[in-house]
1. What are the pairs, 6+ residues apart or on separate chains, where a residue within the stretch 17-43 that is more than 20 Å from R4 (Cβ to Cβ) has its Cβ under 8 Å from a residue that is surrounded by fewer than 19 Cβ atoms within 10 Å (Cβ to Cβ) and among the acidic types (D, E)?
2. So, in the stretch 172-203, of the ones that are of a type outside the set (F, W, Y), under 16 Å from the mean Cα position of the chain (by Cα) and more than 16 Å from the ligand (Cβ to nearest atom), which residue ends up surrounded by the fewest Cβ atoms within 10 Å (Cβ to Cβ)?
3. In this structure, does A151 turn out to be surrounded by 17 or more Cβ atoms within 10 Å (Cβ to Cβ), farther than 30 Å from W205 by Cα and out of contact with any helix residue (DSSP H, G or I) (no Cβ under 9 Å at 6 or more places or on another chain)?
4. Being surrounded by fewer than 24 Cβ atoms within 10 Å (Cβ to Cβ), in contact with a helix residue (DSSP H, G or I) (Cβ under 7 Å, 6 or more places away or on another chain) and on the phi < 0 side of the Ramachandran plot, is that true of even one residue in the stretch 35-42?
5. Just to be sure before I move on: is A130 closer than 25 Å to R43 by Cα, within 16 Å of the ligand (Cβ to nearest atom) and within 19 Å of the chain's Cα centre (by Cα) in the structure I sent?
6. Would you point out which residue out of A91, A79 is surrounded by 21 or more Cβ atoms within 10 Å (Cβ to Cβ) and under 26 Å from H149 (Cβ atoms)?
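A short reminder: the numbers here are calculations on the coordinates, not readings from a lab. Everything numeric in this text was worked out from a predicted model, so none of it was measured. Using ideal geometry, Cβ is built from the backbone for each residue, glycine included, and neighbour counts are taken over all protein chains shown.
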Amino acid sequence: MIIRPPGFRGAAFTTSLAGDMRRGDRSAVSGEAGIRSEWATLRQLHGAAVVEVDRPGAAGEGDALVTGRRGLPLAVFTADCAGVVIETAGAVAVVHAGWRGLAAGVVTAAVRYLQLQLKGEVMRAAMGPAIGPCCFEVGEEVAELFPGHEASTTWKAPSVDLGGAARAQAPEASWWSVGSCTRCGEGWFSHRGDGAASRMAAIGWMP
Ligand SMILES: [Zn+2]
């Protein structure tokens, strides 16, 4: 029910088999990952606000969580947007990155927070399943916000490479990606694909 990026200290992405992680039961996934089942979460706004937390539960509004606290899982919820887990030696960040958040610089904001507030150099970043350039049709006005990451869908409409745009905001990281499109791939929830109300989780923690 979860995917663990190889070489990461504490990172996991759920699949649709795990069920709705925003509202559903998180105990099985937590057991599989070996983490507590109380996670720190955000009311996600598609912005670039970074929230540092030291306890589980609702941490207010924002799109990136960071902590240096051991044993505290951080989670964002996605169904087409990218969930990103970023590791430094002493801290972890989990980021909700859709096009609005990326246009606002949410991955850059998380990296800066880790570097400046928590004095850590970014080592690794892992990206969960996200809607691919194959399927992420956008208007020209959205594509223009992502120079160098414009693409075309399989039906030749303008699209954006969200993964590429996210990676470009943390070029110092060694990146790993699930590499599957939530809309045309199997095993994911997709808001665009089927209007899914369920969400997958991107989870990061310091063991
Ligand atoms: Zn696709």
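1. Sorted first by the residue in the stretch 17-43, then by its partner, the pairs are L42/E61; R43/E61.
2. Among residues in the stretch 172-203 that are of a type outside the set (F, W, Y), under 16 Å from the mean Cα position of the chain (by Cα) and more than 16 Å from the ligand (Cβ to nearest atom), the one surrounded by the fewest Cβ atoms within 10 Å (Cβ to Cβ) is S174.
3. So A151 does not fit the description; no.
4. Yes, the stretch 35-42 contains at least one residue that is surrounded by fewer than 24 Cβ atoms within 10 Å (Cβ to Cβ), in contact with a helix residue (DSSP H, G or I) (Cβ under 7 Å, 6 or more places away or on another chain) and on the phi < 0 side of the Ramachandran plot.
5. Yes.
6. Going through A91, A79 in turn, just one is surrounded by 21 or more Cβ atoms within 10 Å (Cβ to Cβ) and under 26 Å from H149 (Cβ atoms): A79.
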